Amino acid sequence: MSDEFYQTVADKFIFNVKKGLLYTENDVWVKVEDKRVRIGVADFFQRRGGDIVYVELPKVGNKVERLEGIAWFETIKAVFPVVSPFDGVITEVNALLNDKPEMINEDPYGEGWMVLVSPSKLKEDLEKLLTAERYFELMKSKIKDELKKSKKEV
């Protein structure tokens, strides 16, 4: 097991939660960089969705509100919203994803990041986020629930 990640294995899949990041209950990760925050989707979220074939990113300068969709990704299964953990303004988007949306699957905590936001209430909104350790426990319970559902459907 890597020192950089918390890991668990379920139904032949390895799920990673990167240490040192903050997370939402909606499976979004946050990295604070000065007064801005880099946002992406957690490994669990991208893995649950499947192979990503398209990403819709917001425009730089767009205002965002906490708990509203700021970006969307599409798989062969469905379209998934990425929910903002902050009120603020989009200051940068990961243009690489326009041509290579699969980077979210390949490197969700690195090259697969989605947006940079300049939050209007950074300190207040940070208090609502989960540590990597707390998110890891939440993710494991979500995996357990998903496995129970899939066994009932069979």
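The values are calculated or read from the model by the stated rules, or taken from the named source; none is laboratory data. Values in this document were obtained by computation on a predicted structure and should not be read as measured data. FYI the Cβ positions are ideal-geometry reconstructions off the backbone, even for glycines, and counts take in every protein chain you see.
So the values come out like this:
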quantity	calculated
Residues that are without any contact (Cβ under 8 Å) to a residue 24 or more places away in the chain and either assigned to a helix (DSSP H, G or I) or of a type in the set (Ser, Thr, Tyr) (or both), drawn from segment 107-133	123, 124
Out of 117, 55, 60, sole residue that is at pLDDT 95 or above and touching a helix residue (DSSP H, G or I) at 6+ places or on another chain (Cβ under 6 Å)	55
Meets criteria (touching a Pro at 6+ places or on another chain (Cβ under 8 Å), touching a residue at least 40 places away in the same chain (Cβ under 8 Å), under 20 Å from residue 110 (Cα atoms) and not small (Gly, Ala, Ser)) for residue 91	no
Single unsatisfied condition, residue 37 versus (1) in contact with a strand residue (DSSP E or B) (Cβ under 9 Å, 6 or more places away or on another chain); (2) of a type outside the set (S, T, N, Q); (3) under 30 Å from residue 89 (Cβ atoms); (4) at pLDDT below 95	(4)
Any hit, segment 45-57, residues being touching a residue at least 40 places away in the same chain (Cβ under 8 Å), under 12 Å from residue 85 (Cα atoms) and not acidic (Asp, Glu)	no
Criterion (closer than 25 Å to residue 137 by Cα and over 11 Å from the mean Cα position of the chain (by Cα)) met by exactly one of 37, 79	37
Residue, nearest to residue 49 (Cα to Cα), within segment 92-122, restricted to residues that are surrounded by 14 or more Cβ atoms within 10 Å (Cβ to Cβ) and of a type in the set (S, T, N, Q)	105
Residue in segment 43-50 that is in a strand (DSSP E or B), surrounded by 13 or more Cβ atoms within 10 Å (Cβ to Cβ) and at negative phi present	no
In segment 13-25, the residues that are farther than 16 Å from residue 113 by Cβ, in contact (Cβ under 8 Å) with a residue 24 or more places away in the chain and surrounded by fewer than 20 Cβ atoms within 10 Å (Cβ to Cβ)	13, 19, 25
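Here's the yes/no breakdown for (1) closer than 20 Å to residue 26 by Cβ; (2) touching a helix residue (DSSP H, G or I) at 6+ places or on another chain (Cβ under 6 Å); (3) at pLDDT below 95:
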position	(1), (2), (3)
84	yes, no, no
87	yes, no, no
94	yes, no, no
112	yes, yes, no
133	yes, no, no
139	yes, yes, no
149	yes, no, yes
153	no, no, yes
